[in-house]
Amino acid sequence: MTDPRQNKATAIAFYELMFNACEPREAIARFSGAEYIQHNPHVTTGKQGFIDYFERMAHEWPG
């Protein structure tokens with residue numbers, strides 16, 4: 001059985017690292033499984049597609 005409080009804490013930690021710290025590579029390395037499926041049609045499926053998109057986004061819109 002999963003603990004909803006732990007799931008929430010994990011999701012928040014991912015978003016903090018990903019968006020607030022602008023570290024999508026580290027967020028994916030730390031929190032994703034072996035396979036990453038992206039559901040946003042503007043982002044390529046897979047870990048590298050996620051990293052590329054969000055690193056570019058952080059560069060284009062800092063802060």
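The values are calculated or read from the model by the stated rules, or taken from the named source; none is laboratory data. None of these values were measured; they are calculated from a predicted model. Positions of Cβ are backbone-derived with ideal geometry, glycine not excepted, and every protein chain shown enters the neighbour counts.
Every residue, every condition in (1) at pLDDT below 95; (2) out of contact with any Lys or Arg (no Cβ under 8 Å at 6 or more places or on another chain); (3) not β-branched (Val, Ile, Thr), yes or no:
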| residue | (1), (2), (3) |
| --- | --- |
| ILE12 | no, yes, no |
| CYS22 | yes, yes, yes |
| ALA34 | yes, yes, yes |
| ASN40 | yes, yes, yes |
| ASP52 | no, yes, yes |
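Consider ALA27 against the criteria (1) at pLDDT below 95; (2) under 22 Å from PRO62 (Cβ atoms); (3) small (Gly, Ala, Ser): it satisfies all of them except one. Which criterion is unmet?
Just one mismatch for ALA27, condition (1).
Exactly one condition in (1) at negative phi; (2) surrounded by fewer than 11 Cβ atoms within 10 Å (Cβ to Cβ) is false for GLY63; which is it?
Looking at each condition in turn, GLY63 falls short on (1).
Within segment 18-31, can you find the residues that are under 16 Å from TYR53 (Cα atoms) and surrounded by fewer than 16 Cβ atoms within 10 Å (Cβ to Cβ)?
Scanning segment 18-31 gives PHE19, ASN20, ALA21, GLU26, ALA29.
Can you tell me which residue is farthest from ILE28 (Cα to Cα) among those in segment 39-63 that are assigned to a loop (DSSP other than H, G, I, E, B) and small (Gly, Ala, Ser)?
GLY63
Residue by residue through segment 2-52, note down the ones that are on the phi > 0 side of the Ramachandran plot and out of contact with any helix residue (DSSP H, G or I) (no Cβ under 8 Å at 6 or more places or on another chain).
GLY46
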